Amino acid sequence: MLDEIVKICRHKKIFKRNKKDVGIKILGVLLYHRGLSYRDTSKILGILEPSSYEAVHYWYKQFKELFAVECKNRRAIALDETKVKRQKKQVYVWTVVDVDSKEVLGVYISETRSGLDTYSFLKYVLSFCTNKPLIVGDKAPWYPLGSPTIRVRV
């Protein structure tokens, strides 16, 4: 997956200077985006290739446009989860996609597959919608939380 992101970044020419490997830059951006601080990210990257926390901050500012999701009216969104086993540990990867534009609105990783996980992730994703779109799952359509016509147990 990292190789595909590297190809996209090279094609879009996101990083102007390439003294450091583009893969290292993207790894730093992804680590920061997942919640590490700039300093912690630079310490982890220091194992592979020395870099300062200011460099990580600069890379993130350049890469930020790929993470941007605009808030707009959406007709329907699709929610799906997949079970992934990695190093004898099982996690669930949740994804929400705009049905019409095929734009990825969010990706979430959890260790459980509960209603609370679904609810918190949908609440986050609905912040990118100005209306209450139809939510389509694996088996049947759902209606957004708080819809006056149908109540949903999430």
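The values are calculated or read from the model by the stated rules, or taken from the named source; none is laboratory data. Computed from a predicted model, the values in this text were never measured in an experiment. Counting neighbours? That spans all protein chains shown, and the Cβs are built from the backbone with ideal geometry, glycine included. For accessibility, only protein heavy atoms count, side chains too; no ligands or nucleic acids. Shrake-Rupley method; radii C 1.70, N 1.55, O 1.52, S 1.80 Å.
Taking (1) surrounded by 12 or more Cβ atoms within 10 Å (Cβ to Cβ); (2) modelled with pLDDT under 80; (3) touching a strand residue (DSSP E or B) at 6+ places or on another chain (Cβ under 6 Å) in turn, Thr95 satisfies each apart from (2).
Residue count for region 1-58 satisfying the condition of being acidic (Asp, Glu), open to solvent by 80 Å² or more (accessible area, probe 1.4 Å) and under 25 Å from Tyr108 (Cα atoms): 2. Among the residues making up region 116-126, those that are open to solvent by 70 Å² or more (accessible area, probe 1.4 Å) and either in a loop (DSSP other than H, G, I, E, B) or among the hydroxyl-bearing types (Ser, Thr, Tyr) (or both) are Tyr119, Tyr124. Of the conditions (1) at pLDDT below 85; (2) over 17 Å from the mean Cα position of the chain (by Cα), Tyr53 fails just one. Which one is it? Failed condition: (1). Pairs are defined by a Cβ separation below 7 Å, a sequence spacing of at least 6 or placement on different chains, a first member in region 88-117 that is closer than 21 Å to Cys129 by Cβ, and a second member that is part of a loop (DSSP other than H, G, I, E, B) and open to solvent by 80 Å² or more (accessible area, probe 1.4 Å); the pairs so defined are Val99/Arg75; Asp100/Arg75. Candidates are the residues of region 73-92 that are polar (S, T, N, Q) and assigned to a strand (DSSP E or B); the one that is modelled with the highest pLDDT is Gln90.
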